[in-house]
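Asks: To start, I am sharing the structure in question, which I have written as structure tokens.
The values are calculated or read from the model by the stated rules, or taken from the named source; none is laboratory data. Predicted model, so just to flag it, every value in this text is computed and none were measured. A quick note on method: Cβ atoms are made from the backbone with ideal geometry, for glycine too, and the neighbour counts reach across all protein chains shown. All accessible areas refer to the heavy atoms of the entire protein, side chains included, with ligands and DNA or RNA removed. Shrake-Rupley method; radii C 1.70, N 1.55, O 1.52, S 1.80 Å.
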Amino acid sequence: MKKAIQFGAGNIGRGFIGAVLAEAGYEVVFADVVEELLTNINSRKEYTVHVTDAVSRDIDIKGIRAVNSNSPEAVQEVVDAEVITTAVGLRILKFVAPAIAKGLVARKAAGNEAPLNVIACENGLRATSQLKELVFAQLDAETAAWAESHVGFPDAAVDRIVPPVRCEIPLDVAVEEYFEWDVEKSSFVGEIPQIPGMTPVDNLLAYVERKLFTLNTGHATAAYLGKLRGISTIGESIADPVVAPIVKAAMQQSGEGLVKKFGFDHDAHFAYIEKILKRFSNPFLRDECNRVGREPLRKLAPNDRLILPMMTAKSFGLPYDKLLLAIGGALHFENPEDPQSVEMLASIASDGLEATIVKYTGIEAGDPLVAEIVEAYKAVETL
């Protein structure tokens, strides 16, 4: 039976990528560091994905097992795997890379010449390329040369809302019906795996930015502005008469930039925006603003969901005032349990708002955009 290793056994790992791989006929080996989760997987060997949408259904995932991602067992699993995927978050990739690197050394030593493809399924630009760099930094020259011809690292764009819904059985996961998993066709090694639900594409960057700067931009805008108005969930936020039109307009402003940049069909892209807005309103998925808004500094980074769409729109001479409001909302995000929120608010308190904007967004001091963000920061306080 063909084998896939899924690094990250959290809700997205189980509810999205792991489930797609299992339905495609792979034996799925989850690799994680949470011992309670690993024990649960190895004792039950199954879980259910509850699709909670207008039409609900259950998908039973069976025959799974788990290993600690820092263990020799995880390294050994790489030796005969056909696919490796991740759903751990960009900042955790550096902790996943050592096991993959050691696994490639062991795979080469075992004489396994079969192609292996590694796909990082994260919210971010070129996540697999980042993972490849981390892996290759730990390989000797001979193994790196071998890996270049035997191991593919295709970048991917992933899209599925998997909120942290508590199920009666802890391993079970609730998800929306809709999902997309687009993978860069040219970067596969060997024959592209036939995985229903995974779509090999030519111009991946267009798909990555379409998702990141539509769904993630709208999601973040709803979270930050909703929280400012005392709203706890995305569904309630998108129903709010003040927040909803700003979210839609921010997505449209980002969309106008995407249409210019990639030549998307305008009507088709704006229909895609409407589809996403309906997904946000799914009453069966109670996604919290605190969860969606977490790690605000990552989301305020130059290439992420708030700053880059604003810069793209600006570069084409398009309006970006609603994207500015989203950025202003992000700078207000207060969650004492979120280290990035604590760091950001401490920076604003000690160094000032302008210095904090420059420090984290990549916008240079003296750029008129800094003053515009300051004004947006003040404007959202009165929403």
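Asks: Any residue in the stretch 200-207 that is over 28 Å from residue 257 (Cα atoms) and either aromatic (Phe, Trp, Tyr) or out of contact with any helix residue (DSSP H, G or I) (no Cβ under 6 Å at 6 or more places or on another chain) (or both)?
Replies: Taking every residue of the stretch 200-207 in turn, none turns out to be over 28 Å from residue 257 (Cα atoms) and either aromatic (Phe, Trp, Tyr) or out of contact with any helix residue (DSSP H, G or I) (no Cβ under 6 Å at 6 or more places or on another chain) (or both).
Asks: Tell me which residues, restricted to the stretch 288-301, are open to solvent by 50 Å² or more (accessible area, probe 1.4 Å) and either part of a loop (DSSP other than H, G, I, E, B) or in contact with a His (Cβ under 6 Å, 6 or more places away or on another chain) (or both).
Replies: Within the stretch 288-301, just 294 meets the criteria.
Asks: Go through (1) of a type in the set (D, E, K, R); (2) over 21 Å from residue 245 (Cβ atoms); (3) open to solvent by less than 80 Å² (accessible area, probe 1.4 Å) and name the single condition residue 321 misses.
Replies: Against the list (1) of a type in the set (D, E, K, R); (2) over 21 Å from residue 245 (Cβ atoms); (3) open to solvent by less than 80 Å² (accessible area, probe 1.4 Å), residue 321 comes up short only on (2).
Asks: Could you check the stretch 302-317 and list, in sequence order, the residues that are surrounded by 18 or more Cβ atoms within 10 Å (Cβ to Cβ) and not β-branched (Val, Ile, Thr)?
Replies: Across the stretch 302-317, the qualifying residues are 304, 305, 306, 308, 309, 310, 311, 313.
Asks: Looking at the stretch 44-58 only, could you name the residues that are of a type in the set (Val, Ile, Thr), open to solvent by 20 Å² or more (accessible area, probe 1.4 Å) and modelled with pLDDT under 95?
Replies: Result: 52, 55.
Asks: Residues in the stretch 291-315 that are in contact with a Pro (Cβ under 8 Å, 6 or more places away or on another chain) and either under 13 Å from residue 330 (Cα atoms) or not hydrophobic (A, V, I, L, M, F, W, C) (or both): how many?
Replies: Looking only at that region, the number is 1.
Asks: Based on this model, can you work out whether residue 345 counts as open to solvent by 20 Å² or more (accessible area, probe 1.4 Å) and farther than 17 Å from residue 225 by Cα?
Replies: When the stated conditions are applied, residue 345 does not pass them.
Asks: Still on this structure: Is it the case that residue 285 is of a type outside the set (S, T, N, Q), assigned to a loop (DSSP other than H, G, I, E, B) and in contact with an Asp or Glu (Cβ under 7 Å, 6 or more places away or on another chain)? Working first, answer last.
Replies: Working: of a type outside the set (S, T, N, Q): yes; assigned to a loop (DSSP other than H, G, I, E, B): yes; in contact with an Asp or Glu (Cβ under 7 Å, 6 or more places away or on another chain): yes.
Taking the combined requirement at face value, the residue satisfies it.
Asks: Please count how many residues of the stretch 19-40 are assigned to a strand (DSSP E or B) and open to solvent by 20 Å² or more (accessible area, probe 1.4 Å).
Replies: In the first step, residues of the stretch 19-40 are kept if they are assigned to a strand (DSSP E or B); the result is 27-32.
Adding the requirement that they be open to solvent by 20 Å² or more (accessible area, probe 1.4 Å) leaves 27, 32.
Count: 2.
Asks: Additional query: For the stretch 162-245, give me every one of the strands (runs of 3 or more DSSP E) that falls completely inside it and has 1 or more residues that are modelled with pLDDT of 95 or more, out of contact with any Gly (no Cβ under 8 Å at 6 or more places or on another chain) and open to solvent by 10 Å² or more (accessible area, probe 1.4 Å).
Replies: Numbers: elements: 173-175, 180-184, 199-201.
It comes to 180-184, 199-201.
Let's see how each residue does on (1) in contact with a strand residue (DSSP E or B) (Cβ under 8 Å, 6 or more places away or on another chain); (2) open to solvent by 70 Å² or more (accessible area, probe 1.4 Å); (3) of a type outside the set (S, T, N, Q):
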{"position": "42", "(1), (2), (3)": "yes, no, no"}
{"position": "60", "(1), (2), (3)": "yes, yes, yes"}
{"position": "71", "(1), (2), (3)": "no, no, no"}
{"position": "79", "(1), (2), (3)": "no, no, yes"}
{"position": "83", "(1), (2), (3)": "yes, no, yes"}
{"position": "88", "(1), (2), (3)": "yes, no, yes"}
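Asks: Yes or no: residue 278 more than 19 Å from the chain's Cα centre (by Cα) and modelled with pLDDT under 95?
Replies: Here the answer is yes, as residue 278 does meet what is asked.
Asks: Quick check on residue 154: is it within 28 Å of residue 298 (Cβ to Cβ), part of a loop (DSSP other than H, G, I, E, B) and under 20 Å from the mean Cα position of the chain (by Cα)?
Replies: In short, yes.
Asks: Can residue 230 be described as of a type outside the set (Ser, Thr, Tyr) and free of Cβ contacts under 8 Å to residues at least 24 places away in the same chain?
Replies: yes
Asks: Among all residue pairs at least 6 apart or on different chains, which show Cβ distances below 7 Å where the first residue, located in the stretch 7-25, is at positive phi and the second is buried (at least 24 other Cβ atoms within 10 Å of the Cβ)?
Replies: Pairs found: 8/86; 8/87; 8/88.
Asks: Exactly one condition in (1) touching a residue at least 60 places away in the same chain (Cβ under 8 Å); (2) open to solvent by less than 10 Å² (accessible area, probe 1.4 Å) is false for residue 256; which is it?
Replies: Residue 256 satisfies all of (1) touching a residue at least 60 places away in the same chain (Cβ under 8 Å); (2) open to solvent by less than 10 Å² (accessible area, probe 1.4 Å) except (2).
Asks: Let me ask another. Give the residues of the stretch 90-129 that are crowded, with 24+ Cβ neighbours inside 10 Å and touching an Asp or Glu at 6+ places or on another chain (Cβ under 6 Å), sorted by residue number.
Replies: 128, the sole residue that qualifies.
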